[in-house]
Amino acid sequence: MARNLNVLVFVLLAIANLLHGSLAQKRHVVGDTTGWTIPNNGASFYVNWASKNTFTVGDTLVFNFQTGGHNVAKVTKSAFDGCNGANTLSILTNGPATVTLNETGQQYFICTVGTHCSLGQKVSINVVKASTSPVSAPKPSASSPPKQAPVQAPTPTPTPAPAPTTTTSPASAPVTGPVTYTVGDKIGWTIPSNGAAAYTAWASGKSFKVGDVLVFNFPLNAHNVEEVTKEKYGSCSSSSPIATFSNPPVRVTLNKTGAHYFICGVPGHCSAGQKLSINVGGSSSSSSPATSPSPAASSPSPSASSPSPASSPSPAAGATPPSSSASPPSSPTVTPATQSPGGSVSPPPGDSGAASLGVAGLFVAILSVAASFFC
């Protein structure tokens, strides 16, 4: 019987160590919701991202990008510093790409497409050894019955006096004015990781009016903004555009109704999803402001409700007589806030440790039952 118990404990401990290793592994989405792209603030973006994470052997890196727009190359430190993609250790060209961290030390990854690396699309991480501490089996012990804490009598709560009711005049409705939209919100104007659907989703649900402003944020010399016709938008042709803007941030005022089409004229960027189509309606200032509601009843005449001086009691000496009327508070001036539309990038996938944690809990329950049975 004792030998069978020892074998059972040994097998369960081996399973526990395997589960412990699976729980320690993490899935890191590079750049989180921004993905693997040219960041707006340069290489410091991925430096800040890496500083918030701990990387261990067995973890995985997920690079989210549009196939054909970027790639992921593992390189040496000298190639990383000089953005040299000629001699890579390995390279992945289909997005999303997954890299398993199988060694300790500093590791370097860049995008070798054009000037993407020099514009900040590079990340360096430090990988440490995973913890290998075994999981020990719980020992059965006699537990004493829990002591019951004394129940305290509830403290009576004093009832607050009702606050005086103050009547205020209704505020006037704000007047709608031009709205400034930041294209793509946080990701800005770049090659999105999920293709053209990113800017289609960003524009959906928004009501663009004449007078509104579009702001395109992007690094200098990395992209541009070209307004084109519908035909050239569909074919991603940048020949003879209606207008071209190259110095960021670009501000485009919508001065006419109808459909407007914008692309990036840098070769390959439009076909990778860097394009935007919107529909502009009437002027945002043409809507009439809402009027304030008039009071339901007028104040009664003083002569009809006030008692005669002969019957009114005299105020006590030193007392200040109450004011006969109260001036209504002035209506606040409401300034319309700049609309900040929501982003369109899908949230990164969660860690895969939740399922392993449930298995670990099942293991502990089995071990406790087995120990109680054999002992």
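Structural remarks
- Within straight-line reach of Lys256, meaning a Cα separation under 13 Å, sit the following aspartates and glutamates at least 8 residues removed in sequence or on another chain: Asp212.
- Cβ-derived FRET efficiency at R0 41 Å, Leu220 paired with Thr76, nearest 0.05: 0.90
- Partner aspartates and glutamates whose Cα lies under 18 Å from the Cα of Lys26, excluding those fewer than 8 positions away in the same chain, are identified as Asp59, Glu103, Asp351.
- These residues, Glu103, Glu226, Glu231, go from largest to smallest accessible area, 1.4 Å probe, as Glu231, Glu103, Glu226.
- Radius 13 Å from Cβ of Ala130, net charge of other residues (Lys, Arg +1; Asp, Glu -1): 0
- For the residue pairs Lys52/Lys275; Lys52/Lys186; Lys74/Lys232; Lys52/Lys129, alpha carbon separations beyond 26 Å are given by Lys52/Lys275; Lys74/Lys232.
The values are calculated or read from the model by the stated rules, or taken from the named source; none is laboratory data. Just so you know, these numbers come straight off a predicted model, no measurement behind them. So basically every Cβ, Gly included, is an ideal-geometry build from the backbone, and we count neighbours across all protein chains shown. Quick note on the areas: whole protein, heavy atoms, side chains included, nothing else; ligands and nucleic acids left out. Shrake-Rupley method; radii C 1.70, N 1.55, O 1.52, S 1.80 Å.
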